[in-house]
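Below is one structure, written out as structure tokens, with a few remarks after it.
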Amino acid sequence: MPADLVFTGGPVHTGRRPAGFAAVRGDRISAVGDDPRPVIGPRTEVVDLDGRLLLPGFQDAHVHAVGAGIELGRCDLTGATTVRECLDAVAAHPGSGWLVGSGWSMEIFEGGLPHRRLLDDVVADRPVVLVNRDHHGAWLNGAALARAGITAATPDPSDGRIERDTDGSPTGVLHEGAMDLVTRLLPPVTDAEKFAGLLRAQRLLHSFGVTAWQDPLLGDYGGMPDPAGTYADATARGLLTARVTGALWWDRDRGADQLPDLLARRDSLRDSGFRAESVKIMLDGVAENHTAALLSPYRCTGRSGLSFVDPVALREYVTLLDAHGFQVHFHALGDRAVRDALDAVAAARATNSPSDHRHHLAHVQVVHPDDVPRFRRLGATATVQPLWAVHEPQMDELTIPFLGAERAAWQYPFGALLRSGAMLAAGSDWPVSSPDPLQGIHVAVNRVPYGEDVPPFFPDQRIDLAAAITAYTAGSAYVSHFDDAGTIRPGARADLVVLDRDPFDGPEREIGAAGAAMTFTGGRCVHER
């Protein structure tokens, strides 16, 4: 039968040899092959690829879309490359009440740590709270510290740290759970702000060719607003043009007693048309502030990072969640956190009957070589953020010196995981880093940021272009249970992206020059450049 839409005139990426065309009827791919003429009728819209590449739509396996969209409308410091630029951006937000922003980079400050006095020099009469780029720390001015009652006598919480001067007074930087001391005081984000943030984020993600994603934080943590109701509302109103699934937040201050609440929330969201079949458990922090959980201490510090969940209890929790049909989405950066997560998956697999719960470990920055083959054996997916696997000041000055040479080489082992047979999914963790999949694909292949002349970051862990694309399409579709997407084949959902060139037809160092020319979800064009 004639197709509604036909893509021809360029390569169609099927995961095998390129096809010559792909046809769409309704929201499904109806045919893939070499000669499109039999499916072109008088009303068929024909898209001439003109040598450009047609791919399955990109899927982001780990992105905080609503929170990122909200932050785009606040004091956004992501483009600041100097301390002065940060302070000028803050000073440009006049008003009263709380000044909230995000996106500052640790490497632009000496030792990676700003001081409250810098903010006091530009804004002293209102509290300022600025979350850093990786959202594992916050920078406060004196007024914010006073409002939160944080003094030299305030103890560090069990899951965080207050940076202090030599006399014990707080410097204005709070790590991990210590952020809760101030974020709990911030004015709540309104439903209207969250909805506007979602639509803002969706437009941007579509412009990068992203057609689906998994939001890993449906709950309240670190000042990030709970987006679950926003997704449900957008679904009911027919305004969620992407396919989205979510992970319910595991409250690390509670134990198995929260299971009934998680089950009730899953059912409630399911009734609204939004699917949240996963639970996110955050096991540790990040390496650059020494809160990622390591098997042996960071050099020169004596600290081994933080484990937010007891590993023995974790095995119990994951086994229980698995038995009740939940997929577990772990935050695991350090090698100890990775091992604890794999041990918990092993316990669940051993105790429960076989299932299709696709547990996955996000970030996997430092992976002990002994644990690499366990991913395949346990059926655990590695959800990677390729953009982080590069030489940059935060890596070279704040991470590698404290890991040491041997352990530094265990970072972001994409190649080793793939060679061992592990499944890779890919995501951005936006707003931590850019949500553009093509920039992530460029780094996965080159281990160098696009356009930068720096040494490749442990180049033996590079993967090829086809594997990187698969991670951002079929791999991410797998962990989100979007089994009818992620590849171009008859019967699959017509979530597609037309690139403005064919990155296979050129040098690998130019992959990052590609962009999304057109994006389709369910056969409907949602972005055209």
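The values are calculated or read from the model by the stated rules, or taken from the named source; none is laboratory data. Every value quoted in this text rests on a predicted model; they were computed, and no experiment measured them. Neighbour counts are summed over all protein chains in view; Cβ atoms, including those assigned to glycine, are modelled from backbone coordinates with ideal geometry.
Output the helices (runs of 4 or more DSSP H) that fall wholly within region 381-424 and possess 2 or more residues being at pLDDT below 95, or say none.
393-398
Go through (1) within 27 Å of Leu465 (Cα to Cα); (2) in contact with a strand residue (DSSP E or B) (Cβ under 7 Å, 6 or more places away or on another chain); (3) part of a helix (DSSP H, G or I) for Ser428 and report which single condition fails.
(3)
Which residue out of Gly101, Gly51, Gly73 is at pLDDT below 95 and either among the acidic types (Asp, Glu) or more than 30 Å from His290 (Cβ to Cβ) (or both)?
Gly73
Out of everything in region 472-529 that is surrounded by fewer than 16 Cβ atoms within 10 Å (Cβ to Cβ), touching a His at 6+ places or on another chain (Cβ under 9 Å) and among the hydrophobic types (A, V, I, L, M, F, W, C), what residue ends up being nearest to Thr14 (Cα to Cα)?
Phe504
State whether one or more residues within region 338-346 are surrounded by fewer than 19 Cβ atoms within 10 Å (Cβ to Cβ), modelled with pLDDT of 95 or more and either under 24 Å from Pro373 (Cα atoms) or charged (D, E, K, R) (or both).
yes
For a quick check of your reading: which helices (runs of 4 or more DSSP H) sit entirely within region 173-284 and have at least 1 residues that are free of Cβ contacts under 8 Å to residues at least 12 places away in the same chain?
Here the list reads 191-207, 259-272.
Mind checking whether some residue in region 242-253 is touching a helix residue (DSSP H, G or I) at 6+ places or on another chain (Cβ under 9 Å), basic (Lys, Arg) and under 30 Å from Val366 (Cα atoms)?
For region 242-253, residues touching a helix residue (DSSP H, G or I) at 6+ places or on another chain (Cβ under 9 Å), basic (Lys, Arg) and under 30 Å from Val366 (Cα atoms): present.
Looking at Gly103, Gly97, Gly67, Gly57, which is the one that is farther than 21 Å from Arg200 by Cβ and in contact (Cβ under 8 Å) with a residue 24 or more places away in the chain?
Residue meeting the stated conditions: Gly97.
All but one of (1) in contact with a Ser or Thr (Cβ under 8 Å, 6 or more places away or on another chain); (2) modelled with pLDDT of 90 or more hold for Arg117, so report the exception by its number.
Failed condition: (1).
Pick from region 350-363 the residues that are crowded, with 20+ Cβ neighbours inside 10 Å and in contact with a helix residue (DSSP H, G or I) (Cβ under 6 Å, 6 or more places away or on another chain): which of them is nearest to Ala287 (Cα to Cα)?
Checked region 350-363; the qualifying residue nearest to Ala287 (Cα to Cα) is Leu361.
Can you pull out the residues in region 394-408 that are in contact with a helix residue (DSSP H, G or I) (Cβ under 9 Å, 6 or more places away or on another chain) and closer than 15 Å to Gln365 by Cβ?
Answer for region 394-408, where residues must be in contact with a helix residue (DSSP H, G or I) (Cβ under 9 Å, 6 or more places away or on another chain) and closer than 15 Å to Gln365 by Cβ: Gln394, Met395, Asp396, Leu398, Thr399, Ile400, Phe402, Leu403, Arg407, Ala408.
Being of a type in the set (S, T, N, Q) and over 30 Å from Ala517 (Cα atoms) is true for just one of Ser207, Ser296. Which residue is that?
Ser296
Is there a residue in region 211-218 that is of a type outside the set (Phe, Trp, Tyr), at pLDDT 95 or above, surrounded by fewer than 19 Cβ atoms within 10 Å (Cβ to Cβ) and within 29 Å of Thr487 (Cα to Cα)?
no
Say whether the condition of being more than 25 Å from the chain's Cα centre (by Cα) and on the phi > 0 side of the Ramachandran plot is met by at least one residue in region 163-182.
The answer is yes; a qualifying residue exists.
Conditions first: (1) without any contact (Cβ under 8 Å) to a residue 60 or more places away in the chain; (2) more than 30 Å from Val244 (Cβ to Cβ). Gly51 passes all but one, so which condition is the exception?
Evaluating Gly51 over (1) without any contact (Cβ under 8 Å) to a residue 60 or more places away in the chain; (2) more than 30 Å from Val244 (Cβ to Cβ) leaves (1) as the failure.
How do the helices (runs of 4 or more DSSP H) wholly within region 432-508 filter down when requiring 2 or more residues that are under 14 Å from Gly209 (Cα atoms) and of a type outside the set (Val, Ile, Thr): which remain?
Helices (runs of 4 or more DSSP H) meeting the threshold: 437-446.
Filtering region 275-285 down to residues that are in contact with a Ser or Thr (Cβ under 9 Å, 6 or more places away or on another chain) and surrounded by 24 or more Cβ atoms within 10 Å (Cβ to Cβ), which residue is nearest to Gln394 (Cα to Cα)?
Among those that are in contact with a Ser or Thr (Cβ under 9 Å, 6 or more places away or on another chain) and surrounded by 24 or more Cβ atoms within 10 Å (Cβ to Cβ), it is Gly285.
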